[in-house]
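Notes follow once the structure below has been shown.
Values quoted throughout were computed directly from the atomic coordinates according to the rules given, and no laboratory measurement underlies them. Predicted, not measured: the structure shown is a model, and the values here were computed from it. When we count neighbours, we look across all protein chains shown, and the Cβ atoms used for this are built from the backbone with ideal geometry, even at glycine.
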C-alpha cells in the first residue's frame, strides 16, 4: 500500500475509533441502563478501540518505515577500505549479499553443506568487516568474535526491537562506535538567575553545578538460535528474516526489562529505579474516580498530583508510562465534571492522551497493587540508552553437527540511565499501603 494510502486508511480508522470512544462514554452516562449493561457495552466498545489502535499503529509504522527506507543513505562511519570507484553504499550492499550467503551455506561438506562458493575477493571482504577482537579503531571493529552484520540488517533488527518494549521508543538513543566508559555531563542551574548591573559595575560569579552520568556497555546475547541443516539448504528459507525476528524477540525483551527496572549493578539502571518518588495514591482529598484506599485504585486527583510534582519546565512534552492493566483502569476515570481523562487521538499520528498528555504502555512496570510504583510521569526522553553500534553474529557449525543443526548467536552492547542533576525530570506514583 502506498504511503499516502496507508495514512488515508489510518485517518479513517482514527475517526471511527474517536466516535466509538465517545459512544462508550455516552453509554456510561446513560442512567436508563443498569450498571452491568453500561459496563458491558462500554467495555465492548473500548475493546474495539484497542483493536483499531493496533491496526492504526501497523499502518502508520509501515508508512514511516517506507519513508525511512526511501531516505536511507550510506552510513557516516561506513568508509572502511573503500575501493576505487566503489561507493560506501555499494560496498555495504555487496557485503550484505556475501554475508547472507556465508551465513546460510558455508560449512564443511562432510556436514552436508554445499558451500557458499565464495571467491577470494568475497572472503577478503568478509575478513575486512570481521570483528577480530583487536580493537583496531575503525568503526566496524570491536570485540567478541564473529562477523558484524550488515548495516541494513542492523537497522531492521533495531526497528523490530521497538515492538518488544516501549523504552526504545520513548528514550533518547545515543550511538557510539566503541564501548569504552562514557561520562555524560549534567548541569543543575535552576537556582541561578541573571542580574541587573550598573554602568562600570563588576558582574558577579555564577559557577555551574556540573556532574556526570557514566555509561558503560553491558554485553547482551540472544542465546543460541539453532537451525536444522535441511532448513538452511532449502532455497526458499529466508535466514536473514528468521535471525532478525529471533534476535529482536530475545534481546528486545531483556533490554526493555533492564531499561525499566534494572538495578544499576552489573546491568543498566532502569527508569523506575532512577526516577524520584512522587505522590501516594489516595493522598489527596476529593479523588474523583474512586480512590477508596489508594492501595488498589487510582483517582483523577492522583494523576493531577503526579503531574504537578514535576517542574513546569519538564511538563512540556511530558508523557505518562504505565502497565496496560493500569491504563485499563484509567480509561474509566472522569473528572468532577464528568469528562473522561482518556481521549483517543483523531488526527494522523496524533497520540491518545490522558489529561492532555501522551502515554506509553510498558508491561515491565508493576500493575496496580499495594505499595507498587505504578505510574511514571515526566520527560521520558531524559532516559538515555547508550547503544554500541555494531551487532556481531557467531555461526557455530560443528558444535551441533551430530544433531544436523547450525547455531547462531547475536551479541550487542547497551547501557541506560536517567539524566537527573537534581531537578527530577521523571517521578512515579506509589500505591498506598494496605
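Round to the nearest 0.05 the FRET efficiency obtained for residue 26 and residue 263 when R0 = 51 Å and r is the Cβ-Cβ distance. The formula returns an efficiency of 0.65 here.
A Förster radius of 22 Å combined with the Cβ-Cβ distance from residue 62 to residue 328 puts the calculated FRET efficiency at roughly 0.25. Among 119, 176, the ranking by other beta carbons within 10 Å of each residue's beta carbon, starting with the fewest, stands as 119, 176.
Based on the mean of other Cβ atoms within 10 Å per residue, sort peptides 426-432, 416-422 so the most packed one is first. Mind showing how you got there, number by number?
On the way: 426-432: 23.4, 416-422: 20.7.
Sorting 426-432, 416-422 by mean packing, highest first, produces 426-432, 416-422.
If the segment from residue 394 to residue 16 were pulled out straight at 0.36 nm per residue, it would be longer than the present Cα-Cα gap by 131.3 nm. Computed packing ranks the peptides 297-310, 21-34 as 297-310, 21-34, most packed first, by mean other Cβ atoms within 10 Å.
Can you put 411, 153 in order of Cβ neighbours within 10 angstrom, beginning with the fewest?
On the way: 411 23, 153 20.
Fewest-to-most ranking of 411, 153: 153, 411.
Suppose the chain between residue 277 and residue 33 were pulled fully straight at 0.36 nm per residue; how much longer would it get relative to their current alpha carbon spacing? Intermediate values should be presented prior to the final figure.
Values: separation 244, 0.36 × 244 = 87.84 nm, distance 4.14 nm.
Stretched out fully, the residue 277 to residue 33 stretch lengthens by 83.7 nm.
Length available on full extension from residue 163 to residue 186: 0.36 nm per residue minus the Cα-Cα distance, which gives 5.2 nm. The residue 50 and residue 336 beta-carbon pair, evaluated with R₀ = 41 Å, returns a calculated FRET efficiency of approximately 0.95. Look at 163, 383 and count the other Cβ atoms within 10 Å of each Cβ; fewest to most, that gives 163, 383. Label sites at residue 236 and residue 120, each approximated as a point 7 angstrom past Cα along Cα to Cβ, lie 4.0 nm apart.
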